[in-house]
């Protein structure tokens, strides 16, 4: 659809269904690449982005230096990036500060799993996960820190944490598969 930007913006701001639908298509197209990172709050993300687009257009921030669609895409991308950054801020902490707490939590989780009456299930899960996962869990259970484990395995500490996380996710998948078969 070709259109005069000022007239189109006015139609959009006045709630013209065709203009709103087209801008919404632009928004969804531009935001699509952020879906995986913001999926848990996707509807809220789209609503926040729609609001930001409306606010920028109603406050005459669009100067006509670019195509209106390009401008909307930039607003959407900046809004989504801000939301990704905001969502990731609370998750990241200094490794040194969180390292000991995470190690204790990992050991505690492993202890809880071992103390459950589902030893048979745990045995089956351990048989189906990779040898690497079993080795990592043995190291954690024996009390090694991530730093000690990374030195022994000659792997960076961050990469080791990712491996442990993937092993945990895989074990949960296997447990859920096996639990579903028993019912």
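The values are calculated or read from the model by the stated rules, or taken from the named source; none is laboratory data. Keep in mind the model is a prediction, meaning the values are calculated, not measured. Cβ coordinates were reconstructed from backbone atoms using ideal geometry, including for glycine residues, and neighbour counts include every protein chain displayed.
Please enumerate the residues belonging to segment 51-66 that are in a loop (DSSP other than H, G, I, E, B) and surrounded by 15 or more Cβ atoms within 10 Å (Cβ to Cβ).
62
Among 72, 125, 164, 174, which is assigned by TED's automatic domain parsing to the domain that holds residue 35, at pLDDT 80 or above, buried (at least 16 other Cβ atoms within 10 Å of the Cβ) and in contact with a helix residue (DSSP H, G or I) (Cβ under 7 Å, 6 or more places away or on another chain)?
Unique residue meeting the criteria: 72.
Looking for whichever is surrounded by fewer than 16 Cβ atoms within 10 Å (Cβ to Cβ), closer than 30 Å to residue 26 by Cα and modelled with pLDDT under 75 here; the options are 179, 115, 88, 98. Which one fits?
Sole residue among the options that is surrounded by fewer than 16 Cβ atoms within 10 Å (Cβ to Cβ), closer than 30 Å to residue 26 by Cα and modelled with pLDDT under 75: 88.
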